[in-house]
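Read-outs throughout are calculated quantities, based only on the coordinates presented, and are distinct from any laboratory measurement. Because the structure is a prediction, the values reported are computed rather than measured. Here Cβ is always computed from backbone atoms with ideal geometry, including for glycine, and neighbour counts include all displayed protein chains.
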Ligand SMILES: Nc1ncnc2c1ncn2[C@@H]1O[C@H](COP(=O)(O)OP(=O)(O)OP(=O)(O)O)[C@@H](O)[C@H]1O
Ligand SMILES: [Mg+2]
C-alpha cells in the first residue's frame, strides 16, 4: 500500500526527516510514537503532500505509484486521508456540507458524476449511526466551538465518509479525555478493512489498548529507529525515550 524509502525532507532549509523507511500493507494498522519534535507530524504532512516541505531524497510509493510529484489534492483523490492535529474552523459551512463537497470533488476527479442526494443522505445516515454521531452535530459549523472530543469525532466521521485507502491520524495530546480516545479508537476499529491501511500517530500508549496496532514504530530525530509490536508501546510508556537514544549511540 505505502512504501517510503530513505526519505529526507526539509522545511525552510532545516532537515527534519533524515532517511526514513516505512512499509505499510493493506489491512494493517501502524502506530508511530516518538518524542516532541521528532518529525511525526512532518511525516504525515509530507505523505499528504503539503507544500511547505521539500523532499530532498528518497521516495514515497502508494500502490506502486511514485507520488512525491503529486499535489495534495491529487493524493487525496487517490485515497490518502490526513486528519489534522490542529483542525481549521470554517464558520458558515456545516459538517454535512463540508463532507458533501469533499466527496463530490473526489468523484469529479475520478470522472464520476456527483453522488445523488439520496445516496448521500443514506451514506451520512449510515456512517453517523455507525459512529454514534448526533443529528444536531451534523448541522453545526465545521470545527467552530468544537470541543477536543467533538473535533476528533468529526475527523473520524470524515474518514468514514471518504473511505480512504490510507488514513493518517495525527493525534494531539492535549485535551483529549478518555471518551475522545474511545471515539477515535472505536472509529478506527470499525473502519479497518482488508482494503485499507491506517497510520496512527500518538503519544498515548493507552490509545493502543483500544486500537491494536500490527506494528509500533519509534520516530526519533527524523528516522524510524525501532519497530515492534504493541509491547514496544508499553516499553516506551515505562522507560521513556532515553534508552532508545542510548541504543542508537551504542
Ligand atoms: N513549517 C515549519 N516551519 C519550521 N519548522 C518546522 C515546520 N514544521 C515542522 N518544523 C520543525 O520540525 C521539527 C519536527 O516537527 P513535527 O511537528 O514534525 O514534530 P512531531 O514529532 O509531530 O512533534 P509533536 O509530538 O510535538 O507533535 C520541529 O523542530 C519543528 O519545529
Ligand atoms: Mg506532531
TODO: Only helical DSSP H runs with n ≥ 4 go in: add -39500 (n - 2.57) per run for the chain, normalise by residue count and round the 222 nm mean residue ellipticity to 500 deg cm²/dmol.
DONE: -11500 deg cm²/dmol
TODO: Just grab the label-to-label distance for residue 5 and residue 246, each label 7 Å out from Cα along the Cβ direction, in nm (one decimal).
DONE: 3.6
TODO: For residue 206 paired with residue 52, estimate the spin-label separation in nm (one decimal), with each label point 7 Å from Cα along the Cα-to-Cβ line.
DONE: 3.0
Open item on the list: Highest mean first, how do 157-167, 49-59 rank when packing is the count of other Cβ atoms within 10 Å averaged over residues?
Closed with: 157-167, 49-59
- [ ] Using DSSP, restrict attention to beta bridges with both residues in the chain and report what percent are antiparallel, rounded to the nearest 5.
- [x] 60
Task: the stretch 40-71 residues near the modelled residue 88 label - backbone nitrogen below 14 Å, point 7 Å along Cα→Cβ - done: 50-52
Open item on the list: How much length would be gained if the chain were fully extended between residue 214 and residue 109, taking 0.36 nm per residue of separation minus their Cα-Cα distance, in nm to one decimal?
Closed with: 34.6 nm
Task: Residues residue 237 and residue 117, FRET efficiency given R0 of 51 Å [Cβ-Cβ distance, rounded to 0.05] - done: 0.60
TODO: For the stretch 168-250, give the share of DSSP beta bridges that are antiparallel, in percent and rounded to the nearest 5; count only bridges with both residues there.
DONE: 60
- [ ] Let me have the relative contact order for the stretch 2-249, percent, based on Cα pairs under 8 Å that are six or more residues apart.
- [x] 28
Open item on the list: Can you order the peptides 237-250, 14-27 by their average number of other Cβ atoms within 10 Å per residue, highest first?
Closed with: 14-27, 237-250
- [ ] Would you mind classifying the stretch 1-127 by shape? Square roots of the alpha carbon gyration tensor eigenvalues, ordered a ≥ b ≥ c; an a/c under 1.5 is rounded, otherwise it is prolate if a/b is larger than b/c and oblate if not.
- [x] prolate
Task: Compactness index (Cα Rg / 2.2 N^0.38 Å), the stretch 2-249 - done: 1.01
- [ ] Could you tell me how many degrees, from 0 to 90 and to the nearest 10, lie between the Cα long axis of helix 117-130 and the main elongation axis, the longest principal axis, of the Cα atoms of the chain?
- [x] 50
Task: Projected label distance in nm at residue 137 and residue 61, using a 7 Å step from Cα toward the beta-carbon - done: 3.9
- [ ] Provide the gained length on full extension for the span residue 230 to residue 125, in nm with one decimal, where the gain is 0.36 nm per separating residue minus the Cα-Cα distance.
- [x] 34.4 nm
